Amino acid sequence: MRNSGILMHISSLANDYGIGKLGKEAYGFVDFLVKSKQSCWQILPVSPTSYGDSPYQSFSIHAGNPYFIDFEALEDEGYLKAEEYKEINWGSDKTKVDYALIYEKTFEVLRIAHKRFRKKTEKGFRKFILMNLDWIYTYGLFMALKTANGGKAWYEWDDALKMRKQKALKSALKEYANDIDFWCFVQYKYYQQWDKLKKYANSNGIRIIGDIPIYVAYDSVEVWEQPELFYLDKEKKPIEVAGCPPDVFSQDGQLWGNPLYRWDYMEKKKYRWWVERIGAASKLYDTIRIDHFRGFESYYCIPYGAKNARKGQWRKGPDMKLFKEINKQLGSIDIIAEDLGFLTKKVTKMLDASGYPGMKVLEFAFGSGADNVYLPHNFKNSNSICYTGTHDNETIAGWIAGADKKTAKHCKDYLGVTKNADVPWAMIKLCWASVSQTAVTQMQDLLQLDNSARMNTPSTLGGNWQWRLESMDELTDALAKKLAELTQLYGRCKCGQPDEDKDEKEKEKKEKEKEKGSDKSSKDKAEKKDKD
């Protein structure tokens, strides 16, 4: 079925506490999606953010972001008093997340809640721990040690803890027992609130599209705990790291710095780590978007310590062997492949073999001619997700304002508009009109915001991942109505084909009447036979 949705991370929700949360504003956004006849809410990774505040660089693939825990819900449960969080200065600019301030204040509030929680531990807490034993205590210990070491990365800890010597770990478990319990409590409350929100969204016909990075951060519990899975030396230092080669957008390429996987070792273990990761994500989200999907076919390796990504080489990835194993062990999982970037015939072959829909980004479509693969008239079939732009792109208003004359003219000619101000909604309309099974636009583009609202500029540090709605009042009834009409016009909601629905109901009515007539006829014949 054709459908559509909005891309907006939880952090971008408006409230008085510095960053979006899993509270009433999140439920309000679901209500807006329903009102505008959408089917999907796409978010970015929800894992705890680390250096650079990027959701794609996290301390854990399993943990949820503590920043998103709703304080008001904790107050309702008796774990917080209003003045303990409402009287805190969470930042002067409601349109930007101040991550330094959030980091400083959030955990102070959560520790107050934890102290009260310990006095009357909920029954569900023990059940949560038992259901997540494979990661929760290790994560709790990791975060407790990180706190004790002033936030330093695990590879800067004392050698005994860095190398996970059993005697040192056993001692740490005793010494930091209370802090480990705190981090377990944080995850318990996060998941409790997440599950409640997801159920609300699903019950209202909204599917959650979640996002997982292909790589994990070097400073993560996964690398610390299972170094054998990654391309590290005996001292747990990366030998080579991930990134992208130079291209027209960046002459130095992109140096991500993530450790690379030992795919040969993972294959021997039947890709158990990846199967478990996808399995866990499939319980959290209705659809999983896997970032940098082409990296499974072949991936770019950069020597550790390099200042840029100019010197690197491509290596063969697991290709379809991984996804066949995932399908074998988990069955069919709803996955979106982020297939952007430099694509070879082999990458295209892998994507086709997987059956996963790829991405079509309209901001990439203009300026290079009528054969551009991102122009909707070149979409081969409906097995794709059409985006106006992604979190890594400029907003549409910002993009068209900075486009060269050739690109701008091509875009406006294609869209049938003459003014830059008309481009954002015309682009959304083109996205919704496309043959793609799903159409997605950013919240910033619905509001026609300029590049000051851009979510991320790749290969830059600072100023990213900060944009927020200033107020939930920006999600007006008029905006919902405008989007709903567009969604209905292009058949992306159940109400999109009213005539077909009506015909189907009429058909069902006639069938029932026919059955009744047949029953009546049989009854009359039987009565006549009895009389005779």
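The values are calculated or read from the model by the stated rules, or taken from the named source; none is laboratory data. The structure presented is a predicted model; accordingly, all values stated were derived computationally and were not measured. Please note: Cβ atoms are built from the backbone with ideal geometry, for glycine as well, and neighbour counts cover all protein chains shown.
Summary of computed values
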| item | result |
| --- | --- |
| Flag if residue 54 is more than 19 Å from residue 446 (Cβ to Cβ), in contact with a strand residue (DSSP E or B) (Cβ under 8 Å, 6 or more places away or on another chain) and in contact (Cβ under 8 Å) with a residue 12 or more places away in the chain | no |
| Given (1) more than 19 Å from residue 383 (Cα to Cα); (2) in contact with a Leu (Cβ under 9 Å, 6 or more places away or on another chain); (3) part of a helix (DSSP H, G or I), index of the condition residue 366 fails | (3) |
| Selected residue (criterion: nearest to the chain's Cα centre (by Cα)) from residues of segment 293-306 that are within 27 Å of residue 345 (Cβ to Cβ) and surrounded by fewer than 20 Cβ atoms within 10 Å (Cβ to Cβ) | 298 |
| Segment 292-337, residues that are in a loop (DSSP other than H, G, I, E, B), charged (D, E, K, R) and at pLDDT 95 or above | 297, 319, 334 |
| Subset of segment 418-467 that is surrounded by fewer than 20 Cβ atoms within 10 Å (Cβ to Cβ) and of a type in the set (D, E, K, R) - its residue that is nearest to residue 18 (Cα to Cα) | 450 |
| Wholly within segment 1-95, helices (runs of 4 or more DSSP H) carrying at least 1 residues that are among the aliphatic types (A, V, I, L, M) and under 19 Å from the mean Cα position of the chain (by Cα) | 24-35 |
| Counted residues, segment 167-212 - those being acidic (Asp, Glu) and farther than 30 Å from residue 32 by Cα | 3 |
| Qualifying residue in segment 246-265 (condition: under 20 Å from the mean Cα position of the chain (by Cα) and of a type in the set (Val, Ile, Thr)) | no |
| Criterion (in a loop (DSSP other than H, G, I, E, B), crowded, with 21+ Cβ neighbours inside 10 Å and not basic (Lys, Arg)) met by exactly one of 372, 393 | 393 |
| Members of segment 307-349 that are under 22 Å from the mean Cα position of the chain (by Cα), surrounded by 19 or more Cβ atoms within 10 Å (Cβ to Cβ) and more than 17 Å from residue 268 (Cβ to Cβ) | 323, 335, 336, 337, 338, 339, 340 |
